[in-house]
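S.K.: Sharing a structure with you now.
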Amino acid sequence: MINCPADNQMNNSDVSRRPHHEVVIVGLGPTGATLANILAGYGLDVLVLEREESVYPLPRAVHFDDEAMRVFQSIGLAEGIGRDARVNVGTKFVDRDQKLLLDWPRPQEIGPLGWYPSYRFHQPDLEAELNRGIAACKTVTLHRGASVTAVAEHGDVVEVGYSHDGAKQVVTADYVIGTDGAKSVVRAAMDCEWEDLGFQERWLVIDVQLDKPRPDLGDFTIQTCDRDRPTTYVRCPREWRRWEISLWPEEEADDVTTDEFIWPRLRPAITPDEGRIARKAVYSFESKLATRWREGRLMIAGDAAHLMPPFLGQGMCTGIRDVANLAWKLAAVLRWKAPDSLLNSYESERREHTRTYIETAVRVGEMMNSAETAEALTHAIRPDGAAQMNSISRDLDHAIGPQGDEMSGMRMPQPRLDTGELLGDAMAGRFAVIGPGEVLETVTLPPENIAVTISAEAHSEVAEALSDLGIIAMILRPDFYCFGSVRPQKSSGLSDVLAEFKKQVHS
């Protein structure tokens, strides 16, 4: 895992008195909190500005996947987050009469990334764990109740104005990252527009807290495909259950959030005697991509950069992928002397990757409104339920790395080392140079603070993973995508890959 600097580093009060920070993060949802944890592991001086005084106490996002869990592992928080979550069993698509159209079970075994493929969670639990991680990191300062009023780039710094504790304050930063949601002030400062991908529907989201166990409600997510009114039921952890109901254009928010509207639509599944409505809110499900994700020293991630319908449960996951990609690049520029141009790859790698998820989520939403739902769903989801939608590629199409290397940008599995630890724990936020010991001995390796060296023959699962991929060596990125690889017929090629690595990532 990435370790926070020890107590002999600067303490929070020291950091807060400094007028300049290496990174300012605006917004402390799961995306911003994950970014702060990762950056702290590299020892970066980080200031987080969050408008709200405390963590929102009710659920919003309810799903994350194995890729997000591997990122949580990298910041040392997977155990606590996993303890509070539950493994997702899958989704059943039914018609308005509850006749099964398609059964999409999710695997109940640990997958190639080292974690279960799909989890349900309670967002306040997740945010509490992420905030505990931040509190343990001595180079991160968090200001709650801080409203950002101005963000402007001036030469080699960004000036950030904000109000906090009744006073106006100004700090500067090398980089400012907006993880401040759909109405992002950082995106506005970038003068960045939305690309609208054409989906917009209003849905009523209802979170119910059960008074007693209801195992008969089932553990599967139920997607009711109905041209008239699609609905969703979600089994959340512990006593929490969620219903989502599509709204008609003429239905007003004030009318549909009344008990008189809600309870008849939840019956017979549940009645007021069996649980209480903890939250009821009308959401506009949209599909949008920010036209730019970087403008000089300003960058955006999460909902500040993209909005997607919730039908894949990938909104928060996509934000986690954003910051896993961005964080190590910031560390490379600020600590490893990488060129600032490396940060351009953040947008080129993440934006089109995100588009694929949004477009697939839109198609699923449209299928739920389709008269030919069963056929459409059958073509969209793999019958074995082993992975994601067929159309989703979890690799990066425009990845950095050696030119012409087909493995560059491929998401890599996470084998367990013969020592018992997972590969990501050995990496501790660094790159990994993996290959035969005899090859590793012939090349000039990066410094240990940048890359760990893994001898393949010393770890059976590592050797097996390389064999399955048809390669003998590779450089694995801190976000667990391949930087570059070496084929068996070119055993001397690791020197070339390392040369490209040095050129692009550190000097």
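S.K.: Condition first: aliphatic (A, V, I, L, M) and part of a helix (DSSP H, G or I). Now tell me which residues in the range 415-427 satisfy that. Outline the logic, then answer.
M.R.: If we filter the range 415-427 for residues that are aliphatic (A, V, I, L, M), which is where we start, we get 417, 422-423, 426-427.
Across the range 415-427, the qualifying residues are Leu423, Ala426, Met427.
S.K.: Moving on. If you scan the range 76-114, which residues turn out to be of a type outside the set (Asp, Glu), free of Cβ contacts under 8 Å to residues at least 60 places away in the same chain and either in a loop (DSSP other than H, G, I, E, B) or on the phi > 0 side of the Ramachandran plot (or both)? Break it down into steps so the answer makes sense when it comes.
M.R.: So in the range 76-114, the residues of a type outside the set (Asp, Glu) come out as 76-78, 80-83, 85-94, 96, 98-102, 104-108, 110-114.
Cutting the leftovers down to free of Cβ contacts under 8 Å to residues at least 60 places away in the same chain gives us 77-78, 80-83, 87, 99-100, 108, 110-111.
Residues satisfying the conditions are Leu77, Lys99, Gln108, Ile110, Gly111.
S.K.: From the list Glu457, Glu500, pick out the single residue that is in contact (Cβ under 8 Å) with a residue 12 or more places away in the chain and farther than 22 Å from Arg335 by Cα.
M.R.: Numbers: Glu500 fails: farther than 22 Å from Arg335 by Cα.
Step by step, each of Glu457, Glu500 is checked, and only Glu457 is in contact (Cβ under 8 Å) with a residue 12 or more places away in the chain and farther than 22 Å from Arg335 by Cα.
S.K.: From the list Phe93, Phe121, which one is among the aromatic types (Phe, Trp, Tyr), surrounded by 16 or more Cβ atoms within 10 Å (Cβ to Cβ) and modelled with pLDDT of 95 or more?
M.R.: Of Phe93, Phe121, the one residue that is among the aromatic types (Phe, Trp, Tyr), surrounded by 16 or more Cβ atoms within 10 Å (Cβ to Cβ) and modelled with pLDDT of 95 or more is Phe121.
S.K.: What are the residues in the range 37-55 that are within 24 Å of Gly76 (Cβ to Cβ) and either more than 21 Å from the chain's Cα centre (by Cα) or not aliphatic (A, V, I, L, M) (or both), if any?
M.R.: Hits for the range 37-55 are Asn37, Gly41, Tyr42, Gly43, Asp45, Glu50, Ser54.
S.K.: Could you identify the single residue in Ala290, Ala338 that is buried (at least 17 other Cβ atoms within 10 Å of the Cβ), more than 18 Å from Thr31 (Cα to Cα) and either touching a Ser or Thr at 6+ places or on another chain (Cβ under 8 Å) or not polar (S, T, N, Q) (or both)? Even if it seems obvious, please write down each step before you answer.
M.R.: On the way: Ala290 fails: more than 18 Å from Thr31 (Cα to Cα).
Checking each option against the conditions leaves just Ala338.
S.K.: In this structure, does Asp196 turn out to be out of contact with any Phe, Trp or Tyr (no Cβ under 8 Å at 6 or more places or on another chain), under 15 Å from Pro309 (Cβ atoms) and acidic (Asp, Glu)?
M.R.: Working: out of contact with any Phe, Trp or Tyr (no Cβ under 8 Å at 6 or more places or on another chain): yes; under 15 Å from Pro309 (Cβ atoms): yes; acidic (Asp, Glu): yes.
Spelling it out, Asp196 is indeed out of contact with any Phe, Trp or Tyr (no Cβ under 8 Å at 6 or more places or on another chain), under 15 Å from Pro309 (Cβ atoms) and acidic (Asp, Glu).
S.K.: Residues in the range 196-209: is at least one surrounded by 18 or more Cβ atoms within 10 Å (Cβ to Cβ), within 23 Å of Leu39 (Cβ to Cβ) and modelled with pLDDT of 95 or more?
M.R.: There is no residue in the range 196-209 that is surrounded by 18 or more Cβ atoms within 10 Å (Cβ to Cβ), within 23 Å of Leu39 (Cβ to Cβ) and modelled with pLDDT of 95 or more.
S.K.: Limited to the range 411-435, what total is found for residues that are under 14 Å from Ile472 (Cα atoms) and surrounded by fewer than 19 Cβ atoms within 10 Å (Cβ to Cβ)?
M.R.: Total meeting the criteria: 0.
Listed here are the residues, each with its yes/no results for (1) closer than 26 Å to Ala361 by Cα; (2) assigned by TED's automatic domain parsing to the domain that holds His306; (3) of a type in the set (Asp, Glu).
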position	(1), (2), (3)
Glu251	yes, no, yes
Asp255	no, no, yes
Pro268	no, no, no
Glu274	no, no, yes
Val282	yes, no, no
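S.K.: Still on this structure, I have one more. State all residues of the range 15-36 that are within 21 Å of the chain's Cα centre (by Cα) and either more than 15 Å from Val176 (Cβ to Cβ) or aromatic (Phe, Trp, Tyr) (or both); if no residue qualifies, say none.
M.R.: Our first condition is that a residue be within 21 Å of the chain's Cα centre (by Cα); within the range 15-36, this holds for 23-36.
Residues satisfying the conditions are Gly29, Pro30, Ala33, Thr34.
S.K.: Please go through the range 139-156 and pick out each residue that is surrounded by fewer than 20 Cβ atoms within 10 Å (Cβ to Cβ) and either modelled with pLDDT of 95 or more or not in a strand (DSSP E or B) (or both).
M.R.: Initial filter on the range 139-156 (surrounded by fewer than 20 Cβ atoms within 10 Å (Cβ to Cβ)): 143-145, 147, 149-150, 152-156.
Across the range 139-156, the qualifying residues are His143, Arg144, Gly145, Ser147, Thr149, Ala150, Ala152, Glu153, Gly155, Asp156.
S.K.: Let me ask something else. Which of (1) surrounded by fewer than 16 Cβ atoms within 10 Å (Cβ to Cβ); (2) in contact with a Cys (Cβ under 9 Å, 6 or more places away or on another chain); (3) not small (Gly, Ala, Ser) does Leu101 not meet, given it meets every other one?
M.R.: Tallying (1) surrounded by fewer than 16 Cβ atoms within 10 Å (Cβ to Cβ); (2) in contact with a Cys (Cβ under 9 Å, 6 or more places away or on another chain); (3) not small (Gly, Ala, Ser), Leu101 fails exactly one: (1).
S.K.: Name, by its number, the condition in (1) assigned to a helix (DSSP H, G or I); (2) in contact with a helix residue (DSSP H, G or I) (Cβ under 8 Å, 6 or more places away or on another chain) that does not hold for Leu289.
M.R.: Unmet for Leu289, out of (1) assigned to a helix (DSSP H, G or I); (2) in contact with a helix residue (DSSP H, G or I) (Cβ under 8 Å, 6 or more places away or on another chain): (1).
S.K.: Filter the range 226-277 down to the residues that are touching an Asp or Glu at 6+ places or on another chain (Cβ under 7 Å) and of a type in the set (Phe, Trp, Tyr), then identify the one that is farthest from Arg202 (Cα to Cα).
M.R.: So, considering only residues that are touching an Asp or Glu at 6+ places or on another chain (Cβ under 7 Å) and of a type in the set (Phe, Trp, Tyr), the one farthest from Arg202 (Cα to Cα) is Trp240.
S.K.: For the range 52-75, how many residues are of a type in the set (D, E, K, R) and in a helix (DSSP H, G or I)? I'd like the intermediate steps shown before the answer.
M.R.: The initial filter retains those residues of the range 52-75 that are of a type in the set (D, E, K, R), namely 52-53, 60, 65-67, 70.
Now narrow it down to the ones that are in a helix (DSSP H, G or I): 66-67, 70.
Summing the residues that are of a type in the set (D, E, K, R) and in a helix (DSSP H, G or I) in the range 52-75 gives 3.
S.K.: Pairs only if they're at least six apart or on different chains, beta carbon under 8 angstrom, first in the range 247-272 and over 13 Å from Arg229 (Cα atoms), second surrounded by fewer than 16 Cβ atoms within 10 Å (Cβ to Cβ) and among the acidic types (Asp, Glu); list them, first residue then second.
M.R.: Sorted first by the residue in the range 247-272, then by its partner, the pairs are Phe261/Asp255; Pro272/Asp259.
The values are calculated or read from the model by the stated rules, or taken from the named source; none is laboratory data. Predicted model only: the values in this text are computed from it and were never measured. Because the Cβ atoms are built from the backbone with ideal geometry, glycine has one as well, and the counts that use them run over all protein chains shown.
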